[in-house]
Structures are given as structure tokens and as C-alpha cells.
Amino acid sequence: MLTVAALCTEYAGQNGAAVKAAQDVTFDVADGKFFTLLGPSGCGKTTTLRSIAGLERPVSGEIVVDGLTVFSSRQRVFLPPNKRRFGMVFQSYAIWPHMNVFQNVSFPLEVAEGRLPKEEIRARVMRVLAAVALDHLAEREATKLSGGQQQRLALARALVMEPKLLLLDEPLSNLDAKLREKMRFELKRMQSEFKITTIYVTHDQSEALALSDEIAVMNEGRIVQLARPREIYERPLTKFVADFIGTTNFLDGKVIGGGAGETFWSVDTRIGVLKVRSERPLPLGSSISVSIRPEDVHLSDAERPAESVNSTEAMIEQVVFLGEHMDLKLRLGEQEILARGHPSMNAAPGRRIHMWLNPDKCIAVAAE
Ligand SMILES: Nc1ncnc2c1ncn2[C@@H]1O[C@H](COP(=O)(O)OP(=O)(O)O)[C@@H](O)[C@H]1O
Ligand SMILES: [Mg+2]
């Protein structure tokens, strides 16, 4: 459906040096899928999305939508945004304040080429308003809507054109936390209802994990990992990805053995030799980092450790009770480990406890 190949987009920076905002960005999105560009502020997400929309003119690369080349540096093709006909909702969504809800959505249809009959416009507007649960407010002035309702209105306005591709740039970022979570479910529902191919931009990892079929994690203008949400979370390739997606512990170390057709390796770390997982071969003697998430640090107050590998004793340094779980800070000499425990566990600061790091969840990542 959408192919972006070797896309590079630059801006003129200060003192003549170009800002390379998107570099060698390559990805494919299948029909009807929800694809997310995720990364910290300034990593090039908006630039990539605006390049797809035709609002920026890339330096090089190719963008093909549904078999139509909308940009190609090699073939010297650049289709202007209005010829691409994608639906767009940006962070600063602007509803038209002097119009009511119905008019906000019908206006794009009324000014479009090949105007539809009035009855058909009405039917289409009411259909999308129903989908975003605003049909009962069709006559209300747009400015008298709540933040979440205005957001849904902006979405309805993009959807009413029945675009091939929906481009969303941090569309939930102006909403408060509770509403953002609710809208997340709504978005997912609407996207699967309309089966519309969606490119979503966010810096919020939980939003990306919850919504996406696939996620491209970006850093400094480049895609650093592209995979399904679970794989991004459970099998990060680099320290950057592991750190950006959720909370994790890092243990630096040297590879001292393992491999040989296996996915497990021995790594010498500050807390001893650990058995860790890597899908890629690790050269003996190389420096790597081991990422382990707090929820994968298993704690037990039994007398003896239950496991023989990746098992050690630690001292509980700090305990924070959070209702449904406890956050614990453990200490092993120089190394601090964050863990998560059940609230019923007997965990007082100063106590010693057995800790087991599941080898399957100890992920070798590039040290960078
Ligand atoms: N119009 C512009 N002129 C110059 N530099 C820009 C412009 N827009 C963005 N940039 C720069 O390009 C880089 C990527 O920006 P952007 O795509 O907006 O990142 P993101 O959306 O991931 O926060 C940043 O370094 C930013 O400062
Ligand atoms: Mg942005």
C-alpha cells in the first residue's frame, strides 16, 4: 500500500549546514495496517510524515502509494499535497470555529472537485459522525465541544474524504491522560472499522505499543528498529530502543562463551556470569549490554535459590508501594537493579533476598 524507500529530507540550518532530519528512511505498510513512527522529540518523525504528505520536498528517495509514485528523486516526480489526497490530523488540529459540528465535516466535501449531491454529503457526514460518536452533537457549535470531542471532530473531517491513507501526527497529545487513554481505544476501533491504512506519529511508547501493527523506532533521523510491538518490547536490538521503550536495567559485560547454534551466551558482568539471549551471533570478547526489565527480575524470600543459573542474592535498598505492585531497588555491590514485586511480598529495606534473572528475558543489546 505504502512504500517509503531511502527517504532523505533536509532543512537549511544555521550557517549553511544542512539539518539531516530524515536519513535513509525505508519501510513498507500493507493495506489496512496501523504503522507507527516512534521516537524522542526531534528524531525526524514529523519530517517523515510531512514528506509522505507532500508538505516537505525530500532530497532523495521514493514514496509510492497504492502503485502511484508520489515522490521519486530519480524519476523527478513530486506530486503536490492536494493531488495526493491523504487524510491528515496534526497535533494542533484546527477545527473551524465559526461552523457547527456538521458543517466542519461537510465543508471538505462541499469544496471538493466533482461535488456530491446534497443528500449523499449528508449521509456520509452522519456516517462518520456516528463512527466518532458525535452524531448527537451535529448541530452544536464546534467551539462548544470538549477537547476530546474536538479531537474526534478533526478525525471525522479527515475520514469523511475516505482517504487511501490517514496520516496522524501526535493527535492525542493535547488531551489529558485519562482522555488520551480512552481515545486510544476509540482510535483503534475506528481504524479497524474503516480498515484505513494509518501512519501514526508519537513519542509515547505506550500509545505506540497499544495501537500499532508495526512500529519503527527512530533516533537521529534514522529507523533503528522496525518490528511488531511485542518484539520491540521483548527483543530490543539496541540500548537506545530498550531504554526508550519502557523501564529496563542495563548490565554491561563481556561475552565469554556460548553460541554454537544456540541463542544463549555467557556474559561476564559486575554481578557475575549471566546466561543471556541473543538472536545475533556475539563475538567472543566483545563488549555488550544486557537489558532486563524490572518485571522479569524474579524475587523470592525462600532460604535457597530455586534456580542454579542467573541466580544471586541481593540487598533490598528501597521499596515503593504502588497499590497493584511494588517497585524495589536492589543492590549488589556497585550495581543497582530495579525490580517489581507483588504487594503482599515481605520486602523491607535492608533485607537480603534471592533474585533470579530469567535467561530468556536477559537480552543482549549493542553497547553503543
Ligand atoms: N522547518 C525546519 N527548519 C529547520 N529545521 C527543522 C525544521 N523542522 C524540523 N527541523 C529539525 O529537524 C529535526 C527533526 O524534526 P522533526 O521531524 O520535527 O522531529 P520530531 O517530529 O520527531 O520531533 C530536528 O532537529 C528539528 O529541529
Ligand atoms: Mg513532531
> Can you tell me which residue in the range 199-232 is farthest from Phe86 (Cα to Cα), limited to those that are hydroxyl-bearing (Ser, Thr, Tyr) and away from ligand 1 (no atom under 13 Å from the Cβ)?
Replying inline: Ser206
>> Conditions first: (1) away from ligand 2 (no atom under 16 Å from the Cβ); (2) surrounded by fewer than 16 Cβ atoms within 10 Å (Cβ to Cβ); (3) of a type in the set (A, V, I, L, M, F, W, C). Val19 passes all but one, so which condition is the exception?
In response: (1)
> Taking the range 285-303 on its own, how many of its residues are in contact (Cβ under 8 Å) with a residue 12 or more places away in the chain and not in a strand (DSSP E or B)?
Replying inline: 8
> Looking at this structure, is Glu113 closer than 25 Å to Lys182 by Cα, part of a loop (DSSP other than H, G, I, E, B) and over 30 Å from the mean Cα position of the chain (by Cα)?
Replying inline: no
> What strands (runs of 3 or more DSSP E) completely inside the range 193-256 contain at least 3 residues that are more than 8 Å from the chain's Cα centre (by Cα) and farther than 26 Å from Leu175 by Cβ?
Replying inline: 222-227
> What residue, of Arg74, Arg57, Arg85, is in contact (Cβ under 8 Å) with a residue 12 or more places away in the chain and on the phi > 0 side of the Ramachandran plot?
Replying inline: Arg85
> Going by the structure shown, is Leu226 at pLDDT 90 or above, crowded, with 19+ Cβ neighbours inside 10 Å and out of contact with any Lys or Arg (no Cβ under 9 Å at 6 or more places or on another chain)?
Replying inline: no
> Name the residues in the range 45-69 that are touching a helix residue (DSSP H, G or I) at 6+ places or on another chain (Cβ under 9 Å), within 23 Å of Leu226 (Cα to Cα) and assigned to a strand (DSSP E or B), would you?
Replying inline: Gly61, Ile63, Val65
> Any residue in the range 168-190 that is in contact (Cβ under 8 Å) with a residue 60 or more places away in the chain, within 16 Å of ligand 2 (Cβ to nearest atom) and assigned to a strand (DSSP E or B)?
Replying inline: yes
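The values are calculated or read from the model by the stated rules, or taken from the named source; none is laboratory data. From a predicted model like this one, the values you see are computed outputs, not experimental measurements. Positions of Cβ are generated from backbone atoms using ideal geometry, with glycine treated the same way; all protein chains shown enter the neighbour counts.
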